[in-house]
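Structure record follows, encoded as structure tokens.
The values are calculated or read from the model by the stated rules, or taken from the named source; none is laboratory data. Bear in mind that the values here come from a model prediction, so they are computed numbers and not experimental data. So basically every Cβ, Gly included, is an ideal-geometry build from the backbone, and we count neighbours across all protein chains shown. Ligands, DNA and RNA are stripped out before the accessible areas are found, and what is left, the full protein with its side chains, is counted by its heavy atoms. Shrake-Rupley method; radii C 1.70, N 1.55, O 1.52, S 1.80 Å.
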Amino acid sequence: MEISSEKDEYEEQMKVLWHECFGETKAYLDYYMSNHYRKNRVLMIVEPDYHELVSMLHINPIQFSFQGHTQVVNYIIGVATKPKYQGQGLMKR
């Protein structure tokens with residue numbers, strides 16, 4: 001397995017994994033992909049021999065304001081691993 005950030009190749013697999021792990025509706029996934037996905041970074045663990053997405057972590061930039069100061073910060077969302085790979089410590093990588 002290898003770590004990748006080439007998200008476009010795995011977009012459809014991301015939707016399936018997101019639904020499988022979080023139960024989100026197609027409508028929500030379409031909204032997320034249309035409004036947030038293009039701006040974020042995605043780190044993935046993939047099985048390159050099978051072009052299989054195994055695990056993912058989305059890093060979304062947002063503008064954060066505090067006491068009159070605004071700064072772009074990142075937050076982590078969509079941390080998921082296929083059930084058959086869970087418990088192997090993949091997110092520790």
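Please verify whether region 62-69 includes one or more residues that are of a type in the set (V, I, T) and modelled with pLDDT of 90 or more.
no
For the chain, list the strands (runs of 3 or more DSSP E) that sit wholly inside it and hold at least 2 residues that are open to solvent by less than 90 Å² (accessible area, probe 1.4 Å) and hydroxyl-bearing (S, T, Y); which are they?
Counting at least 2 such residues, we get 52-66, 69-81.
Under 7 Å between Cβ atoms, which residue pairs at least 6 apart in sequence (or on different chains) link something in region 1-25 that is free of Cβ contacts under 8 Å to residues at least 12 places away in the same chain with a partner that is not basic (K, R)?
Matching pairs, first to second residue: H19/L29; E24/W18.
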